[in-house]
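Chemist: Pasting in a structure now, in structure tokens, and then I'll have a few things to ask.
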Amino acid sequence: MQGGRMMIEEPIRLVSVLTPTKSTFSMSLTKIVGTLGPKSRSVEAIEECLMAGMSVARFDFSWLNDEYHQETLDNLRKAVKSCKKLCAVMLDTVGPELQVFNKTGNPIELEADDLVTITPDISREPSADVLPINYSGLAKAVKNGDTIFVGQYLFTGSETTSVWLEVLETKGSDVICLVKNSATLAGFIFTMHVSQVHISLPTLTDTDKKVISTWGSRNNVDFVSLSYTRHVEDVRELRGFLKTHNLQETQIFAKVETVEGLMHFDEILQEADGIILSRGNLGIDLPSEKVFLFQRSAVHKCNLAGKPAIITRVVDSMTNNLRPTRAEATDVANAVLDGTDGILLGAETLRGLYPVETIKTVRRICAEAERVYNQPLNFKRIAKNVGEPMSHAESVASSAVRAAIKVNAAVIVVFTSSGRAARLVAKYRPTVPVLAVVIPRLRTTALKWSFSGTSQARQCLAVRGIYPILANPNVASSAASDEESGLTLALNHAKSVGLVKPNDRVVVFQKVGDSSVVKIIELPRLTEKTHSRQPSHFRA
């Protein structure tokens, strides 16, 4: 993988398919977001997930309470300390999600061609005849012929775990539906989705606000995943709410999962810090044959904007099986080839039987796809979109990636305090890892002073190819002695994980005064001082 151009050659030689992949790098460039839950919340399980390749831990607040999630997060912190691996924390909001509460937990058997009534009367017990939901306006929102889906873990494509309903008529606040397929609804909560129908509930609900202002603020979460993002105003509202609760550094990933969000995608992308394409709901709101078109278009726009794109629902079958289907493996690879930054695993790690094996499998597929990713083509597209003349920052970042490819560098080292420089380098999709040496900044308030840097380092974990290292606060990128200290830190880490070896070349991106410099350093022996040879310089 090191220094390769990662361009698909036609035809791909059969011998390259049959030859085992040899890589000194134990992780893929593509990031993996794992949802922590019953099967993955112990310290031991989380340690295994981290070692397998999980870089972001997702906490889904659509179920259970903050005490449960707090215990899981405390376990995550213990695992991080034990493994000596950074892991970012993502809070996933519930949003305007329609839910059926099955208090008894008894399975509900629905038969094709039967009738079922959806009612807002939540005092009624769910059965094959009636499904009570937490929304009183459904009858006013739907019309005859509309499609409704219900299931515990929706949209896996399994006809036995989710039910497809067709609206026949409304009676007052009730909706009478025809059951289109036989299914068994199991569990205590079923999600309901109405295809291409606007639900007049706020995107950021009161429940979400309470969770963010308490659990999120207390734990200084790195990301908030805003479920059912439909308009740019949704992102702006959340941004303002975060600021009022001292979470101004928390990044927002807009979760686009409806046609309504798709129609406003460009505006949402401009305001959000990243995008999550929730293909479960999209697969219902859109015709199946259109989902891949939106995925490719959306990921391409994210790449041009230099903002991370994360794809969901890729290996659903691994919730209960040790291996993905052939279609799922191809789906993961195609997501990487499209340019995705990360893969989000939901039920596969939350309640799946093989959470660690799932992460390992997805990582291997991603690594294989990265070897044939067409970097030169995508580099040209991104550079062309930036236009001319390029800004100073864009020019130097793109030069660092070009230099790394031309000299067959093993890694790119970037000194940064906010993470922006590292993300800008990653925007040009280098073929090698980007080691982001995050320099802490001193922050002062009327009451206290502290150093920033930990959140900025963890937030890099959602971006393709970036692997952050938090430097000592006295490391400043502008001084030569401190530069050596920070570079030594980065190279020692790279050596420990097998990223660099003697005689490798390293590209260093650093800001010096008002200028940025790209240096190429050759490592004759890692035991020698890194400045023992005269480096080449590219100054902008």
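The values are calculated or read from the model by the stated rules, or taken from the named source; none is laboratory data. Since this is a predicted model, take the numbers as computed values, not measurements. All Cβ positions, glycine included, derive from the backbone under ideal geometry; neighbour counts span all protein chains shown. Keep in mind that these areas ignore ligands, DNA and RNA; they rest on the heavy atoms of the full protein, side chains included. Shrake-Rupley method; radii C 1.70, N 1.55, O 1.52, S 1.80 Å.
Chemist: I'd like the full set of residues that are without any contact (Cβ under 8 Å) to a residue 60 or more places away in the chain and open to solvent by 50 Å² or more (accessible area, probe 1.4 Å), limited to region 387-399.
Modeler: The answer is E388, P389, M390, S391.
Chemist: Need at least 3 residues that are more than 29 Å from S195 (Cβ to Cβ) and open to solvent by less than 30 Å² (accessible area, probe 1.4 Å) per element, so show me which helices (runs of 4 or more DSSP H) inside region 274-384 make the cut, counting only ones lying wholly within it.
Modeler: 355-370
Chemist: For D74, all conditions in the list (1) in a helix (DSSP H, G or I); (2) charged (D, E, K, R); (3) more than 20 Å from G216 (Cβ to Cβ); (4) free of Cβ contacts under 8 Å to residues at least 60 places away in the same chain hold save one; what is the number of the exception?
Modeler: D74 satisfies all of (1) in a helix (DSSP H, G or I); (2) charged (D, E, K, R); (3) more than 20 Å from G216 (Cβ to Cβ); (4) free of Cβ contacts under 8 Å to residues at least 60 places away in the same chain except (3).
Chemist: Follow-up. Are there any pairs, at least 6 apart or on different chains, whose C-beta atoms fall under 7 Å, with the first in region 402-422 and open to solvent by 20 Å² or more (accessible area, probe 1.4 Å) and the second of a type in the set (A, V, I, L, M), and if so, which?
Modeler: Partner pairs satisfying both residue conditions: V407/I520; S417/V438; S417/I439; A421/V414.
Chemist: Let me ask something else. Go over the candidates T184, T160, T207 one by one and state the one that is of a type outside the set (D, E) and under 29 Å from I252 (Cβ atoms).
Modeler: Every option except T207 fails the conditions.
Chemist: With the structure loaded, tell me whether R236 is farther than 26 Å from N65 by Cβ and in contact with a Gly (Cβ under 6 Å, 6 or more places away or on another chain) or whether it fails that test.
Modeler: Considered against the rule, which asks whether it is farther than 26 Å from N65 by Cβ and in contact with a Gly (Cβ under 6 Å, 6 or more places away or on another chain), R236 comes out as no.
Chemist: Taking region 158-193, which residues are open to solvent by 10 Å² or more (accessible area, probe 1.4 Å), hydrophobic (A, V, I, L, M, F, W, C) and modelled with pLDDT of 90 or more?
Modeler: Within region 158-193, W164, L168, I176, L178 meet the criteria.
Chemist: Then there's this: Name the residue that is farthest from V167 (Cα to Cα), counting only residues in region 181-196 that are of a type in the set (S, T, Y) and under 27 Å from the mean Cα position of the chain (by Cα).
Modeler: Per the stated criteria, the residue is T191.
Chemist: Modelled with pLDDT under 95, of a type outside the set (A, V, I, L, M, F, W, C) and crowded, with 24+ Cβ neighbours inside 10 Å, is that true of N246?
Modeler: It is false that N246 is modelled with pLDDT under 95, of a type outside the set (A, V, I, L, M, F, W, C) and crowded, with 24+ Cβ neighbours inside 10 Å.
To keep it simple, each residue is scored yes or no on (1) open to solvent by 10 Å² or more (accessible area, probe 1.4 Å); (2) assigned to a loop (DSSP other than H, G, I, E, B); (3) modelled with pLDDT under 90.
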{"site": "V425", "(1), (2), (3)": "no, no, no"}
{"site": "T431", "(1), (2), (3)": "no, yes, no"}
{"site": "A436", "(1), (2), (3)": "no, no, no"}
{"site": "R443", "(1), (2), (3)": "yes, no, yes"}
{"site": "A457", "(1), (2), (3)": "no, no, no"}
{"site": "S477", "(1), (2), (3)": "yes, yes, yes"}
{"site": "T488", "(1), (2), (3)": "yes, no, yes"}
